[in-house]
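To keep things clear, I will list the structure first and then write my remarks on it.
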Amino acid sequence: MLRGKKPESEVRFELFTWGLILITAAVIYLTVYPILPGLILFIPGLILLGSAIFQDMQPDWRVGWLTYVVAILVVATGMAWVMNSLVGTQMRLPWLVIAAIELGLVLIVKALYDPSPR
C-alpha cells in the first residue's frame, strides 16, 4: 500500500482505508476496550483485509503480500483474543488456526473473483 506508481484513485482509497483503520481503533479504545480488548485488533484488521481484497479485485490496482500477511495476523490475533476472553479457559482458540482459515478464505475469494489471480 502507498508504494510505487499508482493511479490517483488507488492512492486515495489507501489513504481512506488507513484513516478509517486509525479512527476505528481510537473509537474502540475509547468505548469497548475495557470489556473486549481484542476488538482493537480484530475490527481494524478486518478493514485492512477487506480493503486488500477489494483493491486486488480492481483491474489496475495491486496489493503486496505483506499487506495480506499483516491483515491476516492482526485479524487472527484479535479474534483469538476476543474468543478467549468470551469463552474463558473452557476452550482456547489458537490464533494460528484462525490464520490458516483466513488464508484459505482469501485464496478461495481470489480464485473465484480476482480478474488476474497472479
Task: Residue list for region 32-64, restricted to those being within 16 Å of the chain's Cα centre (by Cα), in a loop (DSSP other than H, G, I, E, B) and closer than 21 Å to Pro94 by Cβ - done: Gly38
- [ ] Kindly establish whether Leu48 is surrounded by 14 or more Cβ atoms within 10 Å (Cβ to Cβ), at pLDDT 95 or above and hydrophobic (A, V, I, L, M, F, W, C).
- [x] yes
Open item on the list: Take Ala80 and tell me if it is of a type outside the set (S, T, N, Q) and at pLDDT 95 or above.
Closed with: no
Open item on the list: Please verify whether Leu36 is under 26 Å from Ile98 (Cα atoms), modelled with pLDDT under 95 and surrounded by fewer than 18 Cβ atoms within 10 Å (Cβ to Cβ), treating the condition exactly as stated.
Closed with: yes
Open item on the list: So for region 50-60 (the condition being of a type in the set (A, V, I, L, M) and touching an Asp or Glu at 6+ places or on another chain (Cβ under 7 Å)), does at least one residue qualify?
Closed with: yes
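Would you confirm, using the coordinates I've provided, whether Gly45 is within 26 Å of Gly104 (Cβ to Cβ), touching a Gly at 6+ places or on another chain (Cβ under 7 Å) and among the small types (Gly, Ala, Ser)? It would help to see each step written out before you state the result.
Numbers: within 26 Å of Gly104 (Cβ to Cβ): yes; touching a Gly at 6+ places or on another chain (Cβ under 7 Å): yes; among the small types (Gly, Ala, Ser): yes.
Answer is yes for this residue.
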- [ ] Looking at (1) aromatic (Phe, Trp, Tyr); (2) at pLDDT 90 or above; (3) under 18 Å from Lys110 (Cβ atoms), find the lone condition where Trp61 falls short.
- [x] (2)
Open item on the list: I want to confirm something. Restricting to region 73-118 and keeping residues that are of a type in the set (D, E, K, R) and outside any helix (DSSP H, G or I), which single residue is surrounded by the fewest Cβ atoms within 10 Å (Cβ to Cβ)?
Closed with: Arg118
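The values are calculated or read from the model by the stated rules, or taken from the named source; none is laboratory data. Everything numeric here is computed off the predicted structure, so don't read it as measured data. Note that we place each Cβ from the backbone using ideal geometry, even for glycine, and neighbour counts take in every protein chain shown.
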